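J.: Okay, handing you the structure first.
The values are calculated or read from the model by the stated rules, or taken from the named source; none is laboratory data. These figures come from a predicted structure and were not determined experimentally. A quick note on method: Cβ atoms are made from the backbone with ideal geometry, for glycine too, and the neighbour counts reach across all protein chains shown.
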Amino acid sequence: MRGKQLVVRDFDSHMGTFLDGQQIDEAAIDDGVHIIRAGSAVISVEPVNELGKTVEPIHLEASELVDESQ
């Protein structure tokens, strides 16, 4: 979040991050429906009239990570 604006950022990922089909390094999401693709994940961002819930970042230890690329 930047103020009240949702921002999507790619941190030099291997496969890139795409917003509505366009590869981005960083982009603010405007009103409306949007599709984000980050690696193999596809995320739909849609406006709603409900308040969101704040979610804090999590920290995983290396032993908790699973490499599914093999």
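J.: Which one of these is at pLDDT below 95, of a type in the set (Asp, Glu) and closer than 16 Å to residue 2 by Cβ: 25, 31?
T.: When all the criteria are applied, what remains is 31.
J.: Something else: Go through the stretch 3-20 and count every residue that is charged (D, E, K, R), exposed (fewer than 14 other Cβ atoms within 10 Å of the Cβ) and over 16 Å from residue 57 (Cα atoms).
T.: Residues meeting the conditions: 2.
J.: Looking only at the stretch 1-35, which residues are assigned to a loop (DSSP other than H, G, I, E, B) and either among the small types (Gly, Ala, Ser) or under 15 Å from residue 47 (Cβ atoms) (or both)?
T.: 3, 4, 6, 13, 16, 20, 21, 29, 30, 31, 32, 33
J.: Please enumerate the residues belonging to the stretch 21-59 that are touching a Lys or Arg at 6+ places or on another chain (Cβ under 9 Å), surrounded by 10 or more Cβ atoms within 10 Å (Cβ to Cβ) and not charged (D, E, K, R).
T.: 24, 27, 28, 43
J.: So the check is Cβ under 6 Å with 6+ separation or different chains; which pairs have a first residue in the stretch 38-50 that's over 18 Å from residue 22 (Cα atoms) and a second one that's among the basic types (Lys, Arg) and at pLDDT 90 or above?
T.: Cβ pairs passing all conditions: none.
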